[in-house]
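*Asks:* The structure that follows is given in the form of structure tokens.
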Amino acid sequence: MSAVLLAATLAGNAQAANPNPDASQVKATHDLLAAMQAEKMMRMTAGMSRYATPAERDRVMDKVMALPAETVYNGLATPVARLLSPETVAEMTQFYQSSYGKKVLNSIYNSGAQLYPTAPKPTPAEQAALKKPAYIKADREFKANEQAIHHETFVLLQQIINPKK
């Protein structure tokens, strides 16, 4: 029962940010997804999914690996724009384009399997940037919607794998 309440609460929070994004918000979210290297998130989602057979896994992974990054950005831009406020999108884009943000992405996408993932150690200048109130607020909102973003990635993966459904 509590899982249902949690899911309903998350869904309610996710829809509250920006239910009807305009074209500029969708474009800004597209830029955030590019900065986040969302195509790698799509590959991770495909790799972590369960498949009936190894051949099915290979078929899906081949399809995802051949997928242009722009297809991922365009497919996720509108649903993710509904989840995040324009301020969060702008702040997180700036973060992921920074040197520290790139180190974080590298540790997410290029590290081996870890029981407890660790973030790289920021320099003093990077620590100061991470303490800005605008970043703290944006990071909280982003983390609160991270599961929903991953769900949207999974939904897009399903649409790519089974386009006729």
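*Asks:* Anything over 27 Å Cα to Cα? Flag those among Lys102/Lys164; Lys63/Lys164; Lys103/Lys137; Lys27/Lys121; Lys103/Lys132, in the order listed.
*Replies:* Exceeds cut-off: Lys102/Lys164; Lys27/Lys121.
*Asks:* With a Cα-only, solvent-free Debye model of the chain, what are the log10 I(q)/I(0) values at q = 0.12, 0.17, 0.19 Å⁻¹?
*Replies:* One equal scatterer on each Cα of the chain leads to -0.59, -1.15, -1.35.
*Asks:* Let a ≥ b ≥ c be the square roots of the eigenvalues of the Cα gyration tensor of the range 102-154; is it rounded (a/c under 1.5), or, if not, prolate (a/b larger than b/c) or oblate?
*Replies:* Oblate, because a/c is 1.5 or more while a/b does not exceed b/c.
*Asks:* At 7 Å along the Cα-to-beta-carbon direction for both Ala128 and Ser107, put a label point, then send me their distance in nm to one decimal.
*Replies:* 2.1 nm
*Asks:* Once the piece of chain linking Asp62 and Thr118 is laid out straight, how much longer is it, given 0.36 nm per residue of separation minus the C-alpha distance between them?
*Replies:* Values: separation 56, 0.36 × 56 = 20.16 nm, distance 2.96 nm.
Between Asp62 and Thr118, full extension yields an extra 17.2 nm.
*Asks:* Under 17 Å between alpha carbons, and skipping anything fewer than 8 positions from Lys143 in its own chain: which aspartates and glutamates qualify?
*Replies:* Lys143 reaches Glu87, Glu91, Glu152.
*Asks:* Taking a 1.4 Å probe, which of Phe95, Phe154 shows the most accessible area, and what order do the others take after it?
*Replies:* Correct descending sequence by accessible area is Phe154, Phe95.
*Asks:* Normalised by the number of residues in the chain, what is the relative contact order in percent for Cα pairs under 8 Å and 6+ residues apart? Display every interim value, and only then the final one.
*Replies:* Numbers: 138 pairs, mean separation 56.9, N = 165.
35 percent.
*Asks:* Something else now. Go ahead and estimate [θ] at 222 nm for the chain from helices alone: -39,500 (n - 2.57) per DSSP H run with n ≥ 4, summed, over the residue count, rounded to 500. Don't skip to the end; give the middle numbers.
*Replies:* Working: 9 runs with 128 residues, N = 165.
One gets -25000 deg cm²/dmol as the mean residue ellipticity at 222 nm.
*Asks:* Continuing with the same structure: Hey, if we sort Lys137, Lys121 by accessible area with the 1.4 Å probe, largest down, what's the order?
*Replies:* Lys121, Lys137
The values are calculated or read from the model by the stated rules, or taken from the named source; none is laboratory data. Keep in mind it's a predicted model, so treat the numbers as computed, not measured. Note: ideal-geometry Cβ built from the backbone for every residue, glycine included; neighbour counts use all protein chains shown. With ligands, DNA and RNA removed, areas are computed over all heavy atoms of the protein, side chains included. Shrake-Rupley method; radii C 1.70, N 1.55, O 1.52, S 1.80 Å.
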